Amino acid sequence: MTAATAATAATRAEYCVIACAEAWRGNGEVLASPMGLIPSFGARLAKRTFSPDLLLTDGEALLVGLDGTPEGWLPYRRHLTMVTGGRRHVMMGASQIDRYGNQNISCIGDWERPTRQLLGVRGAPVNTLNNPVSYWVPRHSPRVFVERVDMVSGVGYDRAEAAGVTRFHRLPRVVSDLGVFDFTGPDHTMRLVSLHPGVTVEQVRAATGFELVVADEVPYTREPGAEELRLIREVIDPRGLRDREVRV
Amino acid sequence: MTDKTMTPEEVVGRLGSGMTLGIGGWGSRRKPMALVRALLRSGITDLTVVSYGGPDVGLLAAAGRIRRLVAPFATLDSIALEPHFRAARESGALTLTEYDEAMFMWGLHAAANRLPFMPVRAGLGSDVMRVNPELRTVTSPYGDGEEFVAVPALRLDAALVHLNRADRLGNAQYLGPDPYFDDLFCEAADDAYVSCEQLVETAELAKSGPPQSLLVSRHSVTGVVETPNGAHFTSCAPDYDRDEAFQKLYATTPWPEFAARFLAGGSEHDYQTAIRTWHEEQK
């Protein structure tokens, strides 16, 4: 670490950006579909550094380069083809998620008469059966990391196996404001991969509504390089919006 | 050739209670809002609405016109959750048939192609199968033997869509970046009604945009309505953006108050006058 970066140590939000960027490492020429601010900064950082072949959208109907130059047309119907063709890695949000990666964005409570109606399942069912799906949770809490989700929108490992739809099913990782997780625990259960610096295992356990798989020694999420920090701070998010999504 | 121009009232006069209506656009984008407002002025109710839902769903739900909603979501885009859709769901006021976005699209494709269903790799393993127990599955007859959801055709009694330009015959053109699924809605319907920002001569269509912008063809259209600003308050790029200030008002004003001020008039003209007055007051 150089003296310059040591003087301005990475914030929690910046570790989250790094952790999200890592989700797209080695993905090649696929569409990075980030839902939410921190994942979109992560996708841009990945494309600017170690995954230059990634495709990005303008959030409307165009494929665009890092400077916004259009390079392709991606209206909703073609976006859905990219999903089923598998040339996409989406990072979705999750109102609830369980240890097998079942995710809910539809409603809270009984589906017949929900206590809180949310978005609806949107594309989560088709996404999870066709292209890699990661998740981003800006506030890790037992209300989000639950024993059982109320409405399975995105399909987790246990449900995919039971339904025989594992062919293209893959959930690479979950990133929260506390750490990084994957599904390499027994029977594809959620495992703590790394803690963001400043976070303890106990803190993560207390904020998780089910029993997490935790190794004896858990590493910290990797440090951003000096150039990565510069890109995040000066190029990708000069207005510091990342600190509004993750406050520590 | 047949001149298909109509008024919003004439369109609604051809619709009836209990019908299945498809509504084009996506979320809070290019919704046929003038036609939805004409529906609100009518007595038509007990509708099955098929939509990538936005304020079309919210308005009709708030007014108690929807019996069943077929949708993968309802959102105002810049405001994530549609407040009146939420309220209707939380009070049990409407029945929902919840589809994934791709299942929904293939249901429209099936209807447009006169097929009973389309196979889709979506839905299996999710609770869509639990909450829509009438969904069936189908096994590939080829070597892979994979099982798919057989999404039933979403056949519509009528479709309502809004595009940028149209001629009197029913040819219609989108000038924004996304066609959404408006051509599919028209082809999946027994009758389709196209509202447009501007009615032009057929020869003008080719001058406004490239041939592939001619999204809807007259053979799938029953009626054409010229309704300038007719997608308000949703976006209708490039003619206008979403009216964010007004959408916020819609999302935060109690329904009776909103309806009394903006929807009680007898015509689309009254609505457009009311929103102009409101905007004047904000200055």
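The values are calculated or read from the model by the stated rules, or taken from the named source; none is laboratory data. Quick caveat, the model's predicted, so the values are computed rather than measured. Positions of Cβ are backbone-derived with ideal geometry, glycine not excepted, and every protein chain shown enters the neighbour counts. SASA here: full protein model, heavy atoms, side chains in, ligands and nucleic acids out. Shrake-Rupley method; radii C 1.70, N 1.55, O 1.52, S 1.80 Å.
Each distinct pair of alpha carbons in chain A adds a 1/r term; the inverse of their mean, the Kirkwood radius, is 18.5 Å.
For region A:43-83, how big is the tail of P(r) above 13 Å, as a whole percent of Cα pairs? Distances greater than 13 Å cover 52 percent of the Cα pairs. Partner shielding of B:108-121 amounts to 1, given as the average count of beta-carbon atoms from other chains within 10 Å of each residue beta-carbon. Sequentially through region B:129-138, phi angles give Karplus couplings (6.51, -1.76, 1.60; θ = phi - 60°) of 5, 6, 7, 10, x, 7, 5, 10, 10, 9 Hz, Gly and Pro residues having no value and appearing as x. For region B:4-93, the Stokes-Einstein estimate of translational diffusion at 20 °C and a viscosity of 1.002 mPa s comes to 164 µm²/s, using the Kirkwood hydrodynamic radius over alpha-carbon pairs.
In units of the compact-protein estimate 2.2 N^0.38 Å, region B:203-271 shows a Cα radius of gyration of 1.48. Working note: Karplus 6.51/-1.76/1.60 with θ = phi - 60° gives region A:111-125 the couplings 4, 4, 8, x, 6, 9, 7, 9, 6, x, 5, 6, x, 4, x Hz, where Gly and Pro are set to x. Restricting attention to the protein assembly as shown, close to 40% of DSSP beta bridges with both partner residues there are antiparallel. Where q = 0.07, 0.09, 0.16 Å⁻¹, what log10 of I(q)/I(0) comes from the Debye formula for chain B, counting one point per Cα? Ignoring solvent entirely, the Cα scatterers give -0.25, -0.41, -1.26. Averaged per residue, region B:177-283 has 47 square angstrom of accessible surface, using a 1.4 angstrom probe with ligands and nucleic acids left out. Look at the stretch A:58-65: the mean tally of other chain Cβ atoms within 10 Å of its residues' Cβ atoms is 2.
The GluC sites (Glu not before Pro) of region B:158-230 that DSSP puts in a loop, and whose beta carbon has at most 15 other beta carbons within 10 Å, are B:Glu201.
Under a 5 Å amide H cut-off, with hydrogens placed 1.01 Å from N, A:Trp136 pairs with A:Met92, A:Gly93, A:Ala94, A:Val175 among residues at least 5 apart or on other chains. Summarised in one figure, the compactness ratio Rg/Rh of region A:75-205, Cα atoms and Kirkwood Rh, is 0.97. Mean per-residue shielding of peptide A:106-114 is 4, counting Cβ atoms of other chains within 10 Å of each Cβ.
Residues in region B:245-259 carry Karplus couplings, in order, of 4, 6, 4, 5, 4, 4, 6, 10, 9, x, 3, x, 5, 4, 5 Hz; the curve used is 6.51 cos²θ - 1.76 cosθ + 1.60 with θ = phi - 60°, and Gly or Pro positions show x. Accessible surface for chain A, divided over its residues, is 42 Å² per residue with a 1.4 Å probe. The modelled label-to-label distance between A:Ala206 and B:Thr252, using points 7 Å beyond Cα along the C-beta direction, is 3.6 nm. Across q = 0.07, 0.10, 0.12 Å⁻¹, the protein assembly as shown modelled as identical point scatterers on its alpha-carbon atoms has Debye log10 I(q)/I(0) values of -0.41, -0.84, -1.16, in the order of the q list.
Quarter the surface of the alpha carbon convex hull of region B:85-228 and you get the mean projected area, 11.3 square nanometres. DSSP beta bridges fully contained in region B:114-244 are about 50 percent antiparallel. Think of each Lys and Arg Cβ as +1 and each Asp and Glu Cβ as -1; about the Cα centre, that makes the dipole of chain A roughly 460 debye. Taking the three principal axes of the alpha carbon atoms in region B:36-142, the coordinate ranges are 52, 28, 26 Å, sorted in descending order. GNM on chain A, alpha-carbon springs under 10 angstrom: the most fluctuating residue among A:Tyr76, A:Tyr220, A:Tyr157 is A:Tyr76. Annotation for region A:63-121 versus region A:216-248: alpha-carbon center distance of 24 Å.
Taking a probe of 1.4 Å and counting only protein heavy atoms, give the total accessible area buried between chains B and A in Å², rounded to the nearest 100.
3500
Extension gain for the segment B:Leu81 to B:Gln198, taken as residue separation times 0.36 nm less the Cα-Cα distance, is 39.0 nm to one decimal. The accessible surface of chain A, taken with every protein chain in place and a 1.4 Å probe, is 50 percent carbon and sulfur.
Write down the percent of antiparallel bridges among all DSSP beta bridges whose residues are both part of region B:1-87, to the nearest 5. So the antiparallel bridges amount to about 10 percent of the total.
For region A:188-248, the dipole from Cβ point charges (+1 on Lys and Arg, -1 on Asp and Glu) about the Cα centre works out to 260 debye, to the nearest 20. Close amide H partners of B:Phe117, meaning residues 5 or more places away or on another chain with modelled amide H under 5 Å apart, are B:Ala153. If amide H atoms are built 1.01 Å from N in the plane of the peptide, which residues on other chains or at least 5 residues away come under 5 Å of the amide H of B:Thr137? Residues meeting the amide H criterion: B:Ala150. The alpha carbons of region A:134-196 occupy a box of 35, 24, 18 Å along the principal axes, longest dimension given first.
For region B:137-209, the extents of the C-alpha atoms along the principal axes are 52, 26, 16 Å, listed from largest to smallest. For B:Ser140, neighbours were defined as the other residues whose beta-carbon sits under 11 Å from its Cβ, and their charges (Lys and Arg +1, Asp and Glu -1) total -2.
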